Amino acid sequence: MSSLSTKSGNVEFDEASQKELAKFLESENSKMRLQQSIHTFTDLCWDKCVTKIGNKIDRGEETCLTNCVERFLDTTYSHHQKVVIIYES
Amino acid sequence: MSNFSSDYGLPSSSSSGSIETRKNAVMDQVRNELALANAQELINKINEKCFSKCISKPGYRLENSEQTCIAKCMDRYMEAWNIVSRSYINRVQRESHSQGENL
C-alpha cells in the first residue's frame with residue numbers, strides 16, 4: 001500500500017485525481033440541482049396548465065408550461081430584488 | 001468510518017486496479033446513483049399526479065379506462081417535464097448571456 005492510502009485502504013487517489021473527482025462531483029451536483037428545479041417547476045406547472053389528459057400536450061398547454069416557468073422565475077426574481085432592497089435600506 | 005467501496009457497491013478488487021480505473025469506477029457509480037435518484041423522483045411525481053388525475057373514485061379494481069388514462073398521463077407528464085426543462089435551460093442561458101454583456 002502506498003503512502004497515499006486512506007484509513008480504509010480502499011480509496012487511494014493521487015492529488016490530480018482527487019482534484020478531478022472534486023470537480024466532477026461539483027458539476028454532477030449542479031446538474032442534480034438543475035434537475036431538482038425542473039421537477040419542482042413541472043409539479044407546479046402541471047397543475048396549472050394540464051387539465052385534461054390527451055394524446056399529446058397541445059399548443060395551448062405547451063405555451064402555458066413555458067409561460068409558467070418564465071413567470072415563476074420572474075416572481076422569484078422580483079421577491080429577491082425586494083428582499084435586497086429591504087436589506088440595503 | 002465505514003468502508004467506501006462496500007458502501008457504494010464498488011468491486012473490492014478495484015483497490016488493486018490503476019488509479020485511472022478506480023477513478024472511472026467512482027465516477028460511473030456517482031452517475032448511476034444520480035440517474036437513479038432522478039428517475040425515482042420522476043416516478044414518484046408521476047404516480048402522485050396521475051393517481052389524482054385518473055382515479056377520481058377508487059373502485060374495487062383498476063378499471064381499463066383508468067389504466068389507459070394512467071398510461072397516457074405518464075407520457076404527458078414526461079412531455080411536460082421536457083418542455084419545462086427546455087424553457088428553464090433557455091432562461092438560464094439567456095440570463096447568463098445578458099449578465100456577460102453587462103459586465
Partner shielding of B:47-60, taken as the mean number of other chain Cβ atoms within 10 Å, equals 1
Within the range A:32-46, the residues whose backbone N lies under 20 Å from a label point placed 7 Å from the Cα of B:ALA39 along the Cα-to-Cβ direction are A:32-40
Of A:21-33, B:70-82, ordering from highest average Cβ density within 10 Å down gives B:70-82, A:21-33
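Calculate the FRET efficiency for B:SER98 and A:LYS56 from the Cβ-Cβ distance with a Förster distance of 45 Å, rounded to the nearest 0.05.
About 0.85, to the nearest 0.05.
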Given unit charges at Cβ for Lys, Arg (+) and Asp, Glu (-), the dipole magnitude of the range B:10-102 about its Cα centre in debye, nearest 20, is 220
Within 10 Å of the Cβ of an average residue in B:64-73, the count of other chain Cβ atoms is 1
Under the helix-only model (-39500 (n - 2.57) for each DSSP H run of 4 or more, divided by the residues of chain A), the mean residue ellipticity at 222 nm, to 500 deg cm²/dmol, is -26500 deg cm²/dmol
B:GLN29 and A:LYS19 label points (each 7 Å along its Cα→Cβ direction) are spaced in nm at 2.4
Computed for the range A:15-88: size of charge dipole around the Cα centre, +1 on C-beta of each Lys and Arg, -1 on C-beta of each Asp and Glu, debye to nearest 20, value 160
Longest principal axis of chain A (C-alpha) makes with the long axis of helix A:15-49 (C-alpha) an angle, in degrees to the nearest 10, of 20
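Inside 10 Å of the C-beta atoms of A:31-44, what's the mean count of C-beta atoms belonging to other chains?
For this peptide, the per-residue mean of nearby foreign Cβ atoms is 5.
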Each label sits 7 Å from Cα toward the beta-carbon; between A:GLN81 and A:GLU26 the label points are separated, in nm, by 3.1
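FYI, it's all coordinate maths here, none of it is from the lab. Note that the structure is a prediction, hence the values are computed from the model and not measured. We place every Cβ from the backbone using ideal geometry, glycine too, and count neighbours over all the protein chains shown.
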